[in-house]
């Protein structure tokens, strides 16, 4: 679905709603100090929480920060393609915001080259084929992409990950310590991730960082261990395997009644191959 809206200055904004996620992208041209207030109205309407600038700053980001909108500067060459120094923080932002029904605004100067390229990368990482992502954006924003950008997206860009590995806490507060290793990726590096989760929250390893070792395929098995603290009173140590992109549901209000269910990336139940529980 596409929505376009003109602000009071006639600026065109293009909303890209991701088919496989509640995450949305808003592509626009570059605000200035004199026009920023009009864009801010649109940001509020579209529930924008983050703004990514692909060009040199033309307005003071504090105006947006005061309204709870975080600004990221990820500039790269006009008409070009982003280096890894831009791609990595961009995908980390997507990974953090993916579980939330938020909108990330992206702009360059005209909103036809650099901004659509970043959004296309996001769509590819979220499951679209490169040419499908390009066409999906072009149907909504005419004139997006030049030929070198299309060639790079279709032939040269290598997806950094398949899906995010997440642990979901659906019950009591849980302290998660995860040790992950992709079984059949040939990786010999282990990753550590630690976060306290409240009921209903989730923890995902970021894209393209050393925090996690990623599998090469959607069904690769990932080993991890974690300690679960229930009400801060006791802990259980789990060691098991999950398919790449899968997640674990935790349910229960006390240690002895703690239940778990593993899932594939598509949400179907997964009978984990190995589980070890030790109470402390």
Exercise. Once both labels are modelled 7 Å past Cα along the beta-carbon direction, what's the residue 34-residue 58 spacing in nm?
Worked result: 1.2 nm
For this session: When a/c is below 1.5 the answer is rounded, else prolate if a/b is larger than b/c, else oblate, so apply that to segment 72-148 with a ≥ b ≥ c taken from the square roots of the Cα gyration tensor eigenvalues.
Result: oblate
Seminar exercise, completed: Relative contact order as a percentage, segment 68-136, C-alpha pairs under 8 Å and 6+ apart, gives 29 percent
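Sequence gap at least 6, Cα distance under 8 Å: using those rules, report the relative contact order of segment 1-146 to the nearest whole percent.
Relative contact order here is 28 percent.
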Seminar exercise, completed: Unit-weight point scatterers at every alpha-carbon of segment 16-75, Debye formula, q = 0.13, 0.20, 0.24 1/Å: log10 I(q)/I(0) is -0.33, -0.77, -1.08
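For residue 73 and residue 49 in one chain, what is 0.36 nm times their gap in residues minus the Cα-Cα distance, to one decimal in nm?
7.2 nm
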Seminar exercise, completed: Put in order of increasing Cβ neighbours within 10 Å, starting from the fewest, 37, 21 give 37, 21
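Among 39, 46, which comes first, second and so on when ranked by fewest other beta-carbon atoms within 10 Å? All intermediate terms of the calculation are to be shown ahead of the outcome.
Details: 39 27, 46 18.
Ascending number of Cβ neighbours within 10 Å: 46, 39.
Once the piece of chain linking residue 139 and residue 158 is laid out straight, how much longer is it, given 0.36 nm per residue of separation minus the C-alpha distance between them? It would help to have the intermediate numbers written out before the result.
Working: separation 19, 0.36 × 19 = 6.84 nm, distance 2.37 nm.
Fully extending the segment from residue 139 to residue 158 adds 4.5 nm.
What's the exposure ranking of 155, 50, 107, going from fewest to most Cβ atoms within 10 Å?
Numbers: 155 8, 50 19, 107 23.
By the 10 Å Cβ count, ascending, the order reads 155, 50, 107.
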For this session: Please report, largest first and rounded to whole Å, the three semi-axes of the ellipsoid equivalent to segment 37-168, where each semi-axis is the square root of five times an eigenvalue of the C-alpha gyration tensor.
Result: 23, 19, 14
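Each reported figure results from applying straightforward, stated rules to the coordinates on display, with no laboratory input. In this text, all values refer to a predicted model and were calculated from it rather than measured experimentally. FYI the Cβ positions are ideal-geometry reconstructions off the backbone, even for glycines, and counts take in every protein chain you see.
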